[in-house]
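The values are calculated or read from the model by the stated rules, or taken from the named source; none is laboratory data. Computed from a predicted structure; not experimentally measured. Just so you know, the surface numbers come from the protein's heavy atoms only, side chains and all, with ligands and any DNA or RNA stripped out. Shrake-Rupley method; radii C 1.70, N 1.55, O 1.52, S 1.80 Å.
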Amino acid sequence: MNIRYLAALASALMLFGCAPAPTDYAAEMKPALDAFVEAWNTGDVDKLDASTTENFMRTSPAGMEADSREAMKGVMTALRASYPDAKVVITDTRYGADRALLNWTFTGMNTGPGDMPPTGKPVQLNGYTVTHFDGDRIAHEEVYFDVLSWMTQLGATLTPPGSEIGRAHV
């Protein structure tokens with residue numbers, strides 16, 4: 001064999017054969033995400049004990065925020081009271097070193113009590129969540145969705161500024 005060929009082969013093996021295997025972030029994060037989504041879908045808030053940190057934080061539109069795991073249990077319980085058949089389906093997931101991006105669809109019928117009287121109307125919301133991890137648990141969740149779409153599906157309406165609608169005529 002040619003000495004140059006052997007040297008090139010040895011160099012290639014050293015360069016590519018010794019590289020660390022890529023980290024499988026999904027394998028590390030998916031169990032916590034699956035338990036978190038299962039808690040949403042079943043109302044079993046105790047699933048949060050194994051999937052979130054004690055000082056879990058949630059930022060979200062429409063006032064559904066939490067500053068601890070216990071507060072998150074309250075958010076989840078309140079939303080499921082308003083939407084007893086609530087269902088969250090993850091439609092896409094991307095994993096990184098310490099976070100995952102989830103695209104999701106939420107469906108439910110607004111039949112229970114909440115911040116406003118139940119409307120009996122169904123809603124379907126699409127949104128995304130950035131979940132930040134501390135080890136194998138979710139430490140922070142940033143939730144994004146269209147609140148206006150949610151409210152209009154429930155029957156809320158808007159009055160444009162300067163509109164004669166709703167103004168008293170003198």
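Values as computed for the structure displayed
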{"read-out": "Solvent accessible area, Å² - S163, 1.4 Å probe, full protein context", "value": "20 Å²"}
{"read-out": "Debye intensity ratio in log₁₀ form over the Cα atoms of the range 54-170, taken at each q of 0.10, 0.12, 0.15, 0.16 Å⁻¹", "value": "-0.38, -0.53, -0.76, -0.84"}
{"read-out": "Carbon/sulfur fraction of accessible area - the range 34-145, other protein chains in place, 1.4 Å, %", "value": "52 percent"}
{"read-out": "Over the range 90-148, relative contact order from alpha-carbon pairs under 8 Å, at least 6 apart, %", "value": "29 percent"}
{"read-out": "Set of lysines with alpha-carbon distance to K30 below 24 Å, sequence-local pairs under 8 removed", "value": "K47, K73, K87"}
